[in-house]
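To start, the structure under review is shown below, and the notes come after it.
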Amino acid sequence: MWRNVRLGAFIVGTLTILAVGVFLIGKKQFLFSSTYNLKSEFDNVAGLKNGAEVRVGGIHKGMVDQIQLPTTSNGKVIVIMELDKSTDDIIKTDSVSSIQTEGLLGDKYVAISFGSQDAPRVKDGDTIGSQPPLDFSGLIKKANQILDTTQDTVSHANDAVANFRSIGSKIDQGKGTVGALINDRKLFDQANAATAQAKAGATAFQENMEALKHNWFLRGFFKQRGYTDTKDLTQNEIARLPQGPAVRSFAYDGKQIFAKPDTAKLKGEKALDGAGRFLEQNEFGLVVVVASTGVQGDAKTNLVLSQARAMVVRDYLVKKFKVDDAHLKTLGQGEIAQAKTGEAGKIEIVVYPVGVGIPPAKYPSSSGG
Amino acid sequence: MQSALAKLNSRLADFEAPKALSLFEWFGELGNFCARLAKAAISPPYEGRELVRQLDEVGSKSLPLVALAGAATGVVLSLQTYASFSRFGAQSLLPAVIVHSLVEESGPIVTGLIVAGRVGAGIGAELGSMRVTEQIDAIEASAVNPYKYLVATRVQACILMLPLLTLAADACGILMGWLTNTLTEPTSLQLFLEAGTKTLTFNDFLPPTLKTAVFGLIVGLIACFQGMRTRGGTEGVGRAATSSVVLSSLGIVLADVLLVRLILVFFP
């Protein structure tokens, strides 16, 4: 009797241990809860095994039931998962499954994301979307590439820094132009002195040029031309004749005043004295020396010639007579039909009364008035 | 016919074979023994009362010893793996290592060896003394098949009880493993079990537990065989007891090599 009880107790006890063991393991394989199946398709399951965990929201809620190789080469690996019924409300048709690794080298498991609130519920045997697994070896490969690139960059940066340092130290030591500039005060002084000399040189050159114009060798050319400085030509020129009637007008033939038909060299300048005296004796608002040439020759040259002639006449009047040169202007009209002016051109001194508006300068310049 | 066979058997036993041949002789006798045993075990009538007595003898009476051995294994595993795992900072794997190790290998082999020592020696000595005191002949004379009454019940008891004893050893080992572990790293039993059985599957649990039935077969078979072929007085009884323990332990260890391999192949 006692023996039977003891034996029965032993058997019941050990079988209880078996039951506990089976329950502990079975609970993980969801043997004792109602489940449903879901499928997901992957290109590569990265070593996922049958019986691997399926986690929903990070909680172990199912297991991988089967992994099927595709039957055709363009197919995908189908992972069939067995999930606890309680995940039914969370997993929707737009949930996404992904294969993940526990830690760096741990077991693979499938993680299923929550579906959106209004997506339809999944049914038993449905297929949900998948995300390709993050392959650790692929990750290492990528990291390796990044490291290589970084290394390159760093070594380039190192080179650049070394260059900068070498340049910096050279500058510091006063080597090279920049170094000398930075370190040598003398050079700066020299540069200053050189600039001053250059300035002085330029002035001297200008004076030389001026002297040259007046020396005997070149004097003839300028004398022939009738004026020395081209830039003076239009200094007092106005754009047009002022409006309003003129008081008086003196007209001369070009032949009468100038040596040649194509130069501005005065010859019969005494003819202008009448006009000069009139200007001395009478008040005037504005006097314009208007010059024009014949059509013979280049139009451009003739324009310059007319301007030059007007200037020369004005210069003569200013020098010879006491007139207000601020109100003595010129106007070169260039070519005007031969019938009006004659071959040698025409000079006209037009006098306007006091109060007439002075027209604007033809070539306004910042320096001239 | 059975008496003729017995005569043949005793005549064969008288035959002094050279040493090299004794191994084959042993296997031959074992085969003969197995054939008789199988026939006796399958055919009715069954010795229910004697079977219960043997189940109690092998199972319940071995339980304290086996539980102690399992507990000791659990403690040793916990201490040893803690020492090595803490070097890698892998203490969190301790429950899994202890549970896997106990359930898959340590529990079954420790139980097998303990039972081989305790039950194997008992059976060898008991049957040996019955043989030398001619009790077996007396049983046979009273028209009771000694293979049915003495041998089959003991072998069956061993086969049936060893998996249960293994479960007890596993449980004690895991409990003591947890207790030892929690002294250094306080953990709740629930967390310990949860972590320990996390990667445990039925393939890790049931085949290794059931393989101890094979260990039971080996222990029962060899102990009974050695006991039944005892020769030569009390000295022979001692020899029978010793050889039962040694050969069944050896058989268990060797069989385990094969079984582990087979389990790995068929229950991956």
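Dividing the Cα radius of gyration by the Kirkwood radius, what Rg/Rh value follows for the range B:149-190?
Result for the range B:149-190 is an Rg/Rh of 1.35.
Ranked by Cβ crowding within 10 angstrom, fewest neighbours first, how are A:HIS327, A:HIS214 ordered?
In order of increasing Cβ crowding within 10 Å: A:HIS214, A:HIS327.
Simple spin-label model, 7 Å along Cα-to-Cβ: A:SER249 to B:SER142 in nm?
17.6 nm
Could you give the nm distance between label points at A:ALA194 and B:PHE27, where each point is 7 Å from its Cα heading toward the beta carbon?
11.0 nm
Take the Cβ-Cβ distance between A:ARG185 and A:PHE222 as r, set R0 to 56 Å, and report the resulting FRET efficiency rounded to the nearest 0.05.
0.70
Please report, for the Cα atoms of the range B:29-266, the Rg to one decimal and the Dmax as a whole number; what are they, in angstrom?
So, for the range B:29-266, Rg and Dmax equal 20.2, 69 Å respectively.
Taking 1 over the mean of 1/r across every pair of different Cα atoms in the range B:219-260, what Kirkwood radius in Å do you get?
10.6 Å
Once every Cα of the range A:87-208 carries one equal point scatterer and solvent is ignored, give the base-10 log of I(q)/I(0) from the Debye formula at q = 0.09, 0.20 Å⁻¹, two decimals.
-0.61, -1.09
Counting Lys and Arg as +1 and Asp and Glu as -1, each charge on the Cβ, what is the dipole of the protein assembly as shown about the Cα centre in debye, to the nearest 20?
Dipole size: approximately 2280 debye.
Wrap a convex hull around the Cα atoms of the range B:141-268, take a quarter of its surface area, and give that in square nanometres.
Mean projected area for the range B:141-268: 11.3 nm², to one decimal.
For a quick size check, give me the Cα extents of the range A:230-352 along its three principal axes, largest first, whole Å.
If we take the Cα atoms of the range A:230-352, the spans are 39, 30, 29 Å.
Suppose we keep just the DSSP beta bridges with both residues in chain A; what percent of those would be antiparallel, to 5?
70 percent
Find, among the trypsin sites (Lys or Arg not before Pro) in the range A:139-179, those assigned to loop by DSSP (not H, G, I, E, B) with at most 16 other beta-carbon atoms within 10 angstrom.
A:LYS175
Modelling each spin label as a point 7 Å along the Cα-to-Cβ direction, I'd like the A:GLN151/A:SER166 distance in nm, to one decimal.
Output for this residue pair reads 2.4 nm.
Other chains' Cβ within 10 Å of A:9-15 residues: what's the mean?
That average works out to 6.
Considering all alpha-carbon pairs of the range B:169-234, what whole percent are spaced by more than 13 angstrom?
That tail contains 75 percent of the Cα-Cα pairs.
Calculate the mean, over all residues of peptide B:161-173, of how many other protein chain Cβ atoms lie within 10 angstrom of the residue's Cβ.
Counting Cβ atoms of other protein chains within 10 Å of each residue's Cβ and averaging gives 4.
As a test of the formula, what do you get for chain B when each DSSP H run with n ≥ 4 contributes -39,500 (n - 2.57) and the sum is divided by the residue count, at 222 nm and rounded to the nearest 500 deg cm²/dmol?
Roughly -25500 deg cm²/dmol at 222 nm, from the helical runs in chain B.
Please average, across the residues of B:191-200, the number of beta carbons from any other chain that are within 10 Å of each residue's own beta carbon, and give a whole number.
3
If every alpha-carbon in the range B:56-188 counts as one equal scatterer, what log10 I(q)/I(0) does Debye give at q = 0.09, 0.14 1/Å?
Debye intensities relative to I(0), on a log10 scale: -0.38, -0.67.
Mind checking which of A:ALA198, A:ILE182, A:VAL122 is farthest towards the positive end of the range A:80-212's charge dipole, using Cβ charges of +1 (Lys, Arg) and -1 (Asp, Glu) about the Cα centre?
Checked the options; the winner is A:ALA198.
Taking 0.36 nm per intervening residue step and subtracting the Cα-Cα distance, what contour gain separates A:ARG240 from A:ALA326 on full extension?
Using 0.36 nm per residue and subtracting the Cα-Cα distance, I get 29.3 nm.
How large is the helix-only mean residue ellipticity at 222 nm for chain A, computed as the sum of -39500 (n - 2.57) over DSSP H runs with n ≥ 4, divided by its residue count, in deg cm²/dmol to the nearest 500?
-14000 deg cm²/dmol
Using only Cα atoms and rounding to the nearest 10 degrees, what angle (0 to 90) does helix A:216-225 make with the longest principal axis of chain A?
90 degrees
Expressed as a fraction of 2.2 N^0.38 Å, the rule-of-thumb size for a compact globular protein of N residues, what is the C-alpha radius of gyration of the range A:65-142?
With N residues counted in the range A:65-142, Rg over 2.2 N^0.38 Å equals 1.24.
Determine, from the Cβ-Cβ distance of A:ALA259 and A:ASP298 and an R0 of 22 Å, the FRET efficiency 1/(1 + (r/R0)^6), rounded to the nearest 0.05.
After rounding to 0.05, the efficiency reads 0.65.
Could you state the per residue volume, in Å³, of the convex hull enclosing the Cα atoms of the protein assembly as shown?
With only Cα atoms used, the protein assembly as shown gives 456 Å³ per residue.
If you take every DSSP beta bridge whose two residues both sit in the protein assembly as shown, what share of them, in percent to the nearest 5, is antiparallel?
Antiparallel bridges make up about 70 percent of those DSSP assigns within the protein assembly as shown.
As an exercise, identify the GluC sites (Glu not before Pro) in the range A:53-146 lying in DSSP coil whose Cβ has no more than 13 other Cβ atoms within 10 Å.
Hits after loop and neighbour filter: A:GLU102.
Which three extents, in angstrom, do the Cα atoms of the range A:256-299 have along their principal axes, listed largest first?
Extents along the principal axes, in whole Å: 39, 21, 11.
So which trypsin sites (Lys or Arg not before Pro) in the range A:1-64 are both in a DSSP loop and have at most 15 other Cβ atoms within 10 Å of their Cβ?
Within the range A:1-64, the qualifying trypsin sites (Lys or Arg not before Pro) (loop, at most 15 other Cβ atoms within 10 Å) are A:LYS49.
Working from Cα positions, state the angle (0 to 90°, nearest 10) between the long axis of helix A:136-173 and the longest principal axis of chain A.
30 degrees
Rounded to a whole number of µm²/s, how large is the Stokes-Einstein D of chain A at 25 °C and 0.890 mPa s, given Rh as the Kirkwood radius over C-alpha pairs?
Using the Kirkwood radius from Cα pairs, D works out to 76 µm²/s.
Here, each number is a calculation from the coordinates, and none is a lab measurement. These numbers come from a predicted model, not from an experiment. As a convention, Cβ positions derive from the backbone with ideal geometry for all residues, glycine included, and neighbour counts pool all protein chains shown.
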